[in-house]
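K.L.:
The structure follows.
Throughout, read-outs are computed from the coordinates displayed, never taken from laboratory work. All figures in this text were calculated on a predicted structure; none of them were measured in a lab. No Cβ is skipped: glycine too gets one built from the backbone with ideal geometry, and neighbour counts run over all protein chains shown.
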Amino acid sequence: MIEVEALTKRYGSTTAVDGLTFTARPGTVTGFLGPNGAGKSTTMRVVVGLERATSGTSRVDGRRYADLPAPLHAVGVMLDARSAHPGRTAYKHLLSLAQTHGIGRARVREVLGQTGLEAVARRRAGTFSLGMGQRLGIAGALLGDPRTLVLDEPVNGLDPDGVLWVRRLVRELAAEGRTVLLSSHLMHELALCADRVVVIGRGRLLADASVQEVVDRSERAGTVRVRTTDPERLARELLAAGAEVTPQEGGALHVRGATVDDVGTAAQRCGAAVLELAAEQVSLEDAYLQLTADAVEYRAAGASGGAR
Ligand SMILES: Nc1ncnc2c1ncn2[C@@H]1O[C@H](COP(=O)(O)OP(=O)(O)OP(=O)(O)O)[C@@H](O)[C@H]1O
């Protein structure tokens, strides 16, 4: 279990993490989501003891990282896929990590197998592709058979097979009762493997919810689209019933504050023939973009809002 409470981390005048509170629970994959510069990596570095918080606390299984008796067995960490010495083979890299923590060679071979690196175990890490480096990073995280895993962008650079493999792996680790905290800046990626998402922007918590809840809370959730032969009459009928109505092109209306059933019966009441009627689907990416719209450090030229 990871418990982050009122965590703040400042670098000079930059506030990277700003009063952040969330919990990642055992048996659960918690997705940690936010645009570039949101503070995900900084939070993870504080959780695993690589940075000191300016204020607030972070605990793993009820203890501060520094107080864990056997950190590698408590928390497996992959923060930087390029952390292995380029001149060392994958096997030697894992072995040296294992030996400093009293872990045997058998476990090194086991994690090489688990991460699909057996065939390249004798190759130097410096010759690895980004995807192979990610696998090696994950192998290092698994080495101590930890109850908690902290993985920063583990699918970054993986090919589609690798992405599937990571999804399956994190699901399996959670099914074994472990706590998995996994960062990404892609909502749809987390939607496929996370039970919950903690969304941050500019160091602050924007949402701590299931993926479905994030979608449901999105502005457009609960909107009904209707196209009718008499949009003005139907709009009057819906407004009288207390709904919000926004006219669209081609005689369509966007209706908030009414269900599909409400709109259908209102149309029947006022005699407007319905040509189309459906609840608007909100994509995960739309919901995420709405949530983080004010928290994006930089936007691509031409995107709404311009540079911030
Ligand atoms: N060592 C540091 N010194 C100064 N500023 C830092 C340092 N580390 C991070 N920052 C700043 O803190 C903010 C949060 O950065 P962080 O890397 O935690 O974000 P992130 O969500 O992981 O982003 P990304 O997806 O780009 O990795 C950014 O504005 C970053 O420039």
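K.L.:
Would segment 1-87 count as rounded, prolate or oblate if I go by the C-alpha gyration tensor, calling it rounded below 1.5 in a/c and otherwise prolate when a/b exceeds b/c, oblate otherwise?
P.N.:
rounded
K.L.:
Based only on other Cβ atoms within 10 Å, what is the fewest-to-most ordering of Thr43, Thr89, Thr14?
P.N.:
If I rank by nearby Cβ atoms, fewest first, I get Thr14, Thr89, Thr43.
K.L.:
Taking only DSSP H segments of four or more residues, each worth -39500 (n - 2.57), what value at 222 nm results for the chain once the sum is divided by all its residues, to the nearest 500 deg cm²/dmol?
P.N.:
-9500 deg cm²/dmol
K.L.:
Go from 0 up to the bin containing the longest alpha carbon distance in segment 65-221, width 10 Å each, and give me the % of pairs per bin.
P.N.:
That works out to 11, 37, 33, 14, 4, 0, in percent per bin.
K.L.:
Determine the percent antiparallel among the DSSP beta bridges restricted to the chain, to the nearest 5.
P.N.:
If I count the DSSP bridges inside the chain, around 65 percent turn out antiparallel.
K.L.:
Fewest Cβ neighbours within 10 Å first, please rank Glu176, Glu189 accordingly.
P.N.:
So the residues, fewest neighbours to most, are Glu176, Glu189.
K.L.:
Continuing with the same structure: Compute the helix-to-body angle for 90-99: its Cα long axis versus the longest principal axis of the chain, expressed 0 to 90° and rounded to tens.
P.N.:
Orientation of helix 90-99: about 70 degrees from the principal axis.
K.L.:
Here's another thing I want to ask about it. In percent, how large is the relative contact order of the chain, given Cα pairs closer than 8 Å and 6 or more residues apart?
P.N.:
In percent, rounded to a whole number, it is 20.
K.L.:
Which is farthest toward the positive dipole end of the chain among Ala66, Gly31, Cys270, measuring Cα position about the Cα centre, with Cβ charges +1 (Lys, Arg) and -1 (Asp, Glu)?
P.N.:
Ala66
K.L.:
Starting from the eigenvalues of the Cα gyration tensor, five times each then square-rooted, give me the equivalent ellipsoid semi-axes of the chain, largest first, whole Å.
P.N.:
Each semi-axis is the square root of five times an eigenvalue, giving 47, 21, 17 Å.
K.L.:
Got the relative contact order for segment 63-189 handy, in percent, Cα pairs under 8 Å and 6 or more residues apart?
P.N.:
It comes to 31 percent, rounded to a whole number.
K.L.:
Distance from the Cα centre of segment 70-143 to that of segment 1-45, in angstrom?
P.N.:
25
K.L.:
Quick query: amide H of Val17 versus all other amide H atoms, modeled in the peptide plane; which residues come in under 5 Å with a sequence gap of 5 or more or a different chain?
P.N.:
Under 5 Å from the amide H of Val17 lie the amide H atoms of Lys9, each far enough along the sequence or on another chain.
K.L.:
Same structure again: Distance from the Cα centre of segment 207-284 to that of segment 153-175, in angstrom?
P.N.:
38
K.L.:
For a footprinting-style exposure proxy, rank Arg63, Arg167, Arg233 by other Cβ within 10 Å, fewest first.
P.N.:
Result, fewest neighbours first: Arg63, Arg233, Arg167.
K.L.:
Over segment 1-135, what relative contact order in percent results from Cα pairs under 8 Å that are six or more residues apart?
P.N.:
21
K.L.:
Just check segment 151-288 against the gyration tensor rule for me: Cα atoms, a ≥ b ≥ c as the square roots of the eigenvalues, rounded for a/c under 1.5, and otherwise prolate or oblate depending on whether a/b exceeds b/c.
P.N.:
It comes out prolate by the Cα gyration axes.
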